[in-house]
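Visitor: First, the structure itself, so that you have it in front of you.
The values are calculated or read from the model by the stated rules, or taken from the named source; none is laboratory data. Predicted, not measured: the structure shown is a model, and the values here were computed from it. All Cβ positions, even for glycine, are placed from backbone atoms using ideal geometry, and neighbour counts span all protein chains on display. We work out accessible area using only protein heavy atoms, side chains counted, and drop any ligands, DNA or RNA first. Shrake-Rupley method; radii C 1.70, N 1.55, O 1.52, S 1.80 Å.
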Amino acid sequence: MSGLRQSLPGATITGWAAALPDTVVTNADFEARLDTSDAWIVERTGIRERRFGGTTSTLAIEACRGALKRAGVEAGDVDLLILATTTPDKRVPATSSIVHAELGCRGAAFDLNAACAGFVYALVTAVSMFQAGFRRALVVGSDTLSRITDQDDRGTAVLFGDGAGAVVVEATPDHELILSHDLGLDGSLLPILYCNHAGYIQMEGREVYRRAVRATVESAARVLSGTGTSGAEVKLFVPHQANRRIIDAVVDRLGIVPERSVIVVDRTGNTSASSVPIALTEAVEAGRVEDGDLILMSGFGAGMTWASALLRWGT
Ligand code: ACO
């Protein structure tokens with residue numbers, strides 16, 4: 001089930017920031033206590049290190065503060081906060097309540113769980129909400145997957161990290177930000193990737209890999225074809241950062257210029273809903289996009305969910 005929709009209200013991204021915990025966990029750290037090796041991890045995933053620590057709310061607050069500062073926007077002028085996460089601090093209330101209170105936002109706030117596709121789901125949702133009268137949104141992906149990963153399971157422990165990324169999105173009639181989008185889900189694939197309450201992530205890695213490549217290619221191709229855009233016209237590809245091999249396979253199949261894809265997975269591991277805004281922040285801060293450039297975002301995750309959006313950058 002999937003849906004391509006167009007004609008969202010006008011918007012611009014005016015602020016962006018990432019937050020990573022201080023503790024660096026290298027492949028050598030895993031080598032020291034699990035039956036694994038730096039060579040295996042790098043070859044199969046591209047991951048060299050990841051960060052562990054913080055909570056979903058503390059990381060989200062840090063990223064939101066950075067994005068607000070970059071945008072020159074006061075928290076009190078934000079009327080919508082959407083927090084994409086699969087690792088909420090508490091069962092009740094939503095982690096967005098904690099972030100909303102700490103920052104001093106006004107208006108609505110809610111959590112959104114679409115796993116690693118969560119940030120793109122949240123961004124499309126926020127811009128859609130401008131139709132309902134909201135004007136200024138904080139969209140944040142924050143996850144602390146290290147808390148729900150069995151650190152003695154070599155099959156999953158080496159893959160995940162903690163972090164957050166946020167953007168400020170403002171309504172404007174003058175700029176079309178989201179040119180096309182594709183949000184979808186195949187719930188029949190739940191058994192290949194899930195985590196029960198008080199349990200650890202369970203994953204059929206090879207099957208997730210196969211499905212992830214297919215879902216991302218098909219979803220991204222739909223948003224490109226929906227606007228008559230070729231992969232070669234994409235100036236920046238910001239994929240979910242689960243595995244370098246998945247990103248390279250998708251880039252190859254979509255005809256995207258390889259140097260235009262953003263890679264942070266080598267330093268962050270898979271940070272779930274945070275990975276797209278962390279990668280976007282790094283690329284924008286490095287001056288890799290200019291006004292008018294086309295940015296393709298694409299993610300997939302447990303559910304299985306997928307989400308892609310074609311953006312025109314404009315500040
Ligand atoms: N170190 C050494 N060996 C390992 C490790 C490790 N860390 N982990 C697994 N192995 C072994 C396996 O036990 C297996 O051994 P066997 O052949 O003796 O049984 C062998 O390596 C091959 O295992 P595979 O799982 O087939 O290896 P594969 O090449 O598929 O790589 C990986 C595994 C990296 C997990 C890959 O399948 C992958 O990236 N899958 C996608 C994962 C993903 O994206 N998950 C996130 C989804 S997003 C979300 O919502 C959280």
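Visitor: Could you check the stretch 197-219 and list, in sequence order, the residues that are of a type in the set (Gly, Ala, Ser) and away from the ligand (no atom under 16 Å from the Cβ)? Before the answer, list the steps.
Guide: Filtering the stretch 197-219 for residues of a type in the set (Gly, Ala, Ser) gives 198-199, 205, 212, 215, 219.
Listed by number, the list holds a single entry, 198.
Visitor: Go over the candidates 38, 77, 29, 89 one by one and state the one that is touching a residue at least 24 places away in the same chain (Cβ under 8 Å) and farther than 22 Å from residue 136 by Cα.
Guide: Values: 38 fails: touching a residue at least 24 places away in the same chain (Cβ under 8 Å); 77 fails: farther than 22 Å from residue 136 by Cα; 29 fails: touching a residue at least 24 places away in the same chain (Cβ under 8 Å).
It is 89.
Visitor: Also, I was wondering about something else. Only one residue in 154, 147 is within 25 Å of residue 32 (Cα to Cα), of a type in the set (Lys, Arg), more than 9 Å from the ligand (Cβ to nearest atom) and modelled with pLDDT of 95 or more, so which one is that?
Guide: Working: 154 fails: more than 9 Å from the ligand (Cβ to nearest atom).
So the residue among 154, 147 that is within 25 Å of residue 32 (Cα to Cα), of a type in the set (Lys, Arg), more than 9 Å from the ligand (Cβ to nearest atom) and modelled with pLDDT of 95 or more is 147.
Visitor: Next question. Where residues in the stretch 228-252 are surrounded by fewer than 17 Cβ atoms within 10 Å (Cβ to Cβ) and without any contact (Cβ under 8 Å) to a residue 60 or more places away in the chain, which of them is nearest to the chain's Cα centre (by Cα)?
Guide: 248
Visitor: Just wondering, is there one or more residues in the stretch 160-171 that are closer than 23 Å to residue 55 by Cα, away from the ligand (no atom under 16 Å from the Cβ) and not small (Gly, Ala, Ser)?
Guide: yes
Visitor: So how many residues does the stretch 44-56 have that are assigned to a helix (DSSP H, G or I), open to solvent by 10 Å² or more (accessible area, probe 1.4 Å) and touching a Ser or Thr at 6+ places or on another chain (Cβ under 7 Å)? Give the steps one after another, and end with the answer.
Guide: Start the filter on the stretch 44-56 by keeping residues that are assigned to a helix (DSSP H, G or I), which leaves 44-45, 56.
Right, trim to open to solvent by 10 Å² or more (accessible area, probe 1.4 Å) and you get 44.
When the remaining residues are screened for being touching a Ser or Thr at 6+ places or on another chain (Cβ under 7 Å), the result is none.
So the answer is 0.
Visitor: With respect to residue 282, determine if the residue is more than 22 Å from residue 159 (Cβ to Cβ) and either modelled with pLDDT under 95 or of a type in the set (Asp, Glu) (or both). Write out each step before concluding.
Guide: Values: more than 22 Å from residue 159 (Cβ to Cβ): no; either modelled with pLDDT under 95 or of a type in the set (Asp, Glu) (or both): yes.
It is false that residue 282 is more than 22 Å from residue 159 (Cβ to Cβ) and either modelled with pLDDT under 95 or of a type in the set (Asp, Glu) (or both).
Visitor: Scan the stretch 23-43 for residues that are more than 11 Å from the ligand (Cβ to nearest atom) and open to solvent by 40 Å² or more (accessible area, probe 1.4 Å) and jot them down.
Guide: 23, 24, 26, 28, 29, 32, 33 - these are the residues of the stretch 23-43 that are more than 11 Å from the ligand (Cβ to nearest atom) and open to solvent by 40 Å² or more (accessible area, probe 1.4 Å).
Visitor: Identify the residue in the stretch 270-312 that is part of a loop (DSSP other than H, G, I, E, B), open to solvent by 10 Å² or more (accessible area, probe 1.4 Å) and in contact (Cβ under 8 Å) with a residue 12 or more places away in the chain and, among all such residues, is nearest to the ligand (Cβ to nearest atom). Don't jump to the end; show me each part of the working.
Guide: So in the stretch 270-312, the residues part of a loop (DSSP other than H, G, I, E, B) come out as 271, 286-293, 302-304.
Subset that is open to solvent by 10 Å² or more (accessible area, probe 1.4 Å): 286-293, 302-303.
Within this subset, residues satisfying the condition of being in contact (Cβ under 8 Å) with a residue 12 or more places away in the chain are 288-293, 302-303.
Numbers: 288: 24, 289: 25, 290: 31, 291: 32, 292: 32, 293: 27, 302: 4, 303: 8 Å.
Taking the candidates together, the pick is 302.
Visitor: To continue, here is another question. Given the condition of a type in the set (Asp, Glu), in contact (Cβ under 8 Å) with a residue 24 or more places away in the chain and more than 16 Å from the ligand (Cβ to nearest atom), answer yes or no: does some residue in the stretch 253-262 qualify?
Guide: Of the residues in the stretch 253-262, the ones of a type in the set (Asp, Glu) are 259.
Subset that is in contact (Cβ under 8 Å) with a residue 24 or more places away in the chain: none.
No, because not a single residue in the stretch 253-262 is of a type in the set (Asp, Glu), in contact (Cβ under 8 Å) with a residue 24 or more places away in the chain and more than 16 Å from the ligand (Cβ to nearest atom).
Visitor: Of (1) away from the ligand (no atom under 16 Å from the Cβ); (2) at positive phi; (3) open to solvent by less than 40 Å² (accessible area, probe 1.4 Å), residue 60 satisfies all except one. Which?
Guide: (2)
Visitor: Another question about this same structure. Inside the stretch 85-199, counting only helices (runs of 4 or more DSSP H) that do not spill past its ends, which hold 3 or more residues that are open to solvent by less than 20 Å² (accessible area, probe 1.4 Å) and in contact with a Phe, Trp or Tyr (Cβ under 6 Å, 6 or more places away or on another chain)? If you could, list the steps in order and put the result at the bottom.
Guide: Details: elements: 95-103, 118-129, 154-157.
Answer list for the stretch 85-199: none.
Visitor: Any idea which of 223, 208 is open to solvent by less than 30 Å² (accessible area, probe 1.4 Å) and out of contact with any helix residue (DSSP H, G or I) (no Cβ under 9 Å at 6 or more places or on another chain)?
Guide: Numbers: 208 fails: out of contact with any helix residue (DSSP H, G or I) (no Cβ under 9 Å at 6 or more places or on another chain).
Sole residue among the options that is open to solvent by less than 30 Å² (accessible area, probe 1.4 Å) and out of contact with any helix residue (DSSP H, G or I) (no Cβ under 9 Å at 6 or more places or on another chain): 223.
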